[in-house]
1. Looking at the structure I just gave you, is Arg158 touching a helix residue (DSSP H, G or I) at 6+ places or on another chain (Cβ under 6 Å), of a type outside the set (Phe, Trp, Tyr) and either closer than 24 Å to Tyr5 by Cβ or in a loop (DSSP other than H, G, I, E, B) (or both)?
2. Every residue in region 56-74 that is charged (D, E, K, R) and not in a strand (DSSP E or B), please.
3. Pairs please, first residue from region 91-107 and in a helix (DSSP H, G or I), second anywhere and of a type in the set (A, V, I, L, M, F, W, C), Cβ atoms under 6 Å, 6+ apart in sequence or on different chains.
4. Could you list all residues from region 108-154 that are among the hydroxyl-bearing types (Ser, Thr, Tyr), assigned to a helix (DSSP H, G or I) and without any contact (Cβ under 8 Å) to a residue 60 or more places away in the chain?
5. Residue under question is Leu149, and the condition is that it be more than 30 Å from Ser17 (Cα to Cα), surrounded by 13 or more Cβ atoms within 10 Å (Cβ to Cβ) and modelled with pLDDT under 95; does it hold?
6. Only one residue in Leu111, Leu105, Leu84 is at pLDDT 90 or above and touching a Leu at 6+ places or on another chain (Cβ under 8 Å), so which one is that?
7. Restricting to region 114-131, name every residue that is modelled with pLDDT under 90 and charged (D, E, K, R).
8. Could you tell me which of the residues Leu11, Leu7, Leu24, Leu97 is within 24 Å of the chain's Cα centre (by Cα), surrounded by 14 or more Cβ atoms within 10 Å (Cβ to Cβ) and under 28 Å from Leu165 (Cα atoms)?
Amino acid sequence: MTIQYALLGLLSWQPMSGYDLKKLIAESSAMYWSGNNNQIYRALVQLHDAGLVSYQVQQQESLPAKKIYSITEKGEAELRRWVLSTPEVPEIHNTFLVKLAWADLLNDDELDELLDRYETELEMQLRMQEERKLRGMAAPERTPREVLLWKKISENIRGSYENELAWVRGLRAELSGLERT
């Protein structure tokens, strides 16, 4: 995901400060992004320089002033152009699969421990997704269609973890049927 389009999308929902944007991205499963916070602020500067966002300085009592960013018409047009562009197929970038490719180097107990840790991590991610669902993740609700789209995004993410968990449990079952070495 390019951070610029995530920011434009969030700003199309409502004006926000860089801090608010950073917080929403950090809490969102749908906006997964692994960069650092400085990249968000750099992206906002780039979007502003390109005329895709504007900002107003808001004075705060006993706190530094903050910039509240808004998407411009040009920014909305760019976001729309990007949304209409050909979708990218998800990248399968799973480091665990690379580890698993060489896991025959491990003895049975080591392999079992590796699979235990992976299963535990997946279960924890599923619990986090469920907690986010219960808390009601911040999402735009401007139309019933938008509500449905965000709900389905959340279901897709949970489904990916559930599928991966079922897969690793199936692998463990098949491995248990093999002769121990």
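The values are calculated or read from the model by the stated rules, or taken from the named source; none is laboratory data. Source: prediction; values computed, not measured. Every residue, glycine among them, receives a Cβ derived from its backbone with ideal geometry; neighbour counts consider all protein chains shown.
1. Criteria met by Arg158.
2. Glu61, Glu73, Lys74
3. Once the first residue is in a helix (DSSP H, G or I) and sits in region 91-107, its partners that are of a type in the set (A, V, I, L, M, F, W, C) give Ala103/Leu111.
4. The answer is Tyr118, Thr120.
5. No: the conditions fail for Leu149.
6. Leu111
7. Answer for region 114-131, where residues must be modelled with pLDDT under 90 and charged (D, E, K, R): Glu130, Glu131.
8. After applying the criteria, what remains is Leu24.
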